[in-house]
């Protein structure tokens, strides 16, 4: 919940001007009220605009909610689902998120599916178990063919704004575990195909080391994305 209309326009103008020459996919996810203007503003660039969330229903008495069709009608084809803040602050559980995933895929949208353990899970040694359960409950009902539309975003919630830090080695360890878990549920080809983003406070100063890890394919960027120069530097690190 950052940036009003004019602030969003200014940030995107700066970002477009600073964007390095790259083959990486670059996405931005403004607030709902700024999505339409953002789509128009980046139309001539390589940047894709995606949504932060959506509802599972096509329409109906769900005041304040946004459907897949509403997003697609303004040019949005990718949606973030299951972000740690949606889970923590708005009670979104695995069952609800599975319904949202199905709704997005039924609309032929791409899904950036977020998951990750909290501090008590990590300190209690349950981090692998929690991540495996979130993957299984949210995604493993899907047919193998659906995985071409899935991007994973691992968020070590315990290392975001807590004062705790996750090392690049810990990121690699979990990303490798995620691939192994997918390979066990599906096959090795599916596990290697899927893009796994790291969402643990990536900044210009640590991006190179994090992205150098073999199972880290990119980043889900939080605070650093609000500063065009920092976000462009992270893109350059990819």
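Please treat every number below as a calculation from the coordinates, not as lab data. A quick note: this is a predicted structure, and the numbers were derived from the prediction, not measured. Glycine also receives a Cβ, built like all others from the backbone with ideal geometry; neighbour counts cover every protein chain displayed.
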Exercise. Just how many % of Cα pairs in the stretch 79-224 lie over 18 Å apart, if you round to the nearest whole percent?
Worked result: 53 percent
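Taking R0 as 41 Å, what FRET efficiency do you get between residue 146 and residue 227 from their Cβ-Cβ distance, rounded to the nearest 0.05?
Working: r = 35 Å, r/R0 = 0.86.
Computed FRET efficiency for residue 146 and residue 227: 0.70.
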Exercise. What ranking of 39, 50 emerges when the number of other C-beta atoms within 10 Å of each C-beta is taken as an exposure proxy, fewest first?
Worked result: 39, 50
Seminar exercise, completed: Note: residue 10 to residue 73 extended length (0.36 nm per residue) minus current alpha-carbon separation gives 20.3 nm
For this session: Compute the separation of the alpha-carbon centres of the stretch 133-187 and the stretch 50-122 and state it in Å as a whole number.
Result: 17 Å
Exercise. Which of these, 173, 25, 155, has the largest mean-square fluctuation under a Gaussian network model of the chain (Cα springs below 10 Å)?
Worked result: 25
Seminar exercise, completed: Most packed first (mean Cβ within 10 Å per residue), the peptides 102-111, 196-205 order as 196-205, 102-111
Exercise. Nearest-5 percent of antiparallel DSSP beta bridges in the chain?
Worked result: 0 percent
For this session: Just grab the label-to-label distance for residue 44 and residue 17, each label 7 Å out from Cα along the Cβ direction, in nm (one decimal).
Result: 1.4 nm
Exercise. If you find the alpha carbon centre of the stretch 195-238 and of the stretch 15-35, how far apart are they in angstrom?
Worked result: 13 Å
For this session: Report the semi-axes of the equivalent ellipsoid for the stretch 1-130 in whole Å, largest first, where each axis is √(5λ) for an eigenvalue λ of the Cα gyration tensor.
Result: 27, 20, 14
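If contacts are Cα pairs under 8 angstrom and at least 6 residues apart, what is the relative contact order of the stretch 79-224 in percent? It would help to have the intermediate numbers written out before the result.
Numbers: 208 pairs, mean separation 31.5, N = 146.
Answer for the stretch 79-224 is 22 percent.
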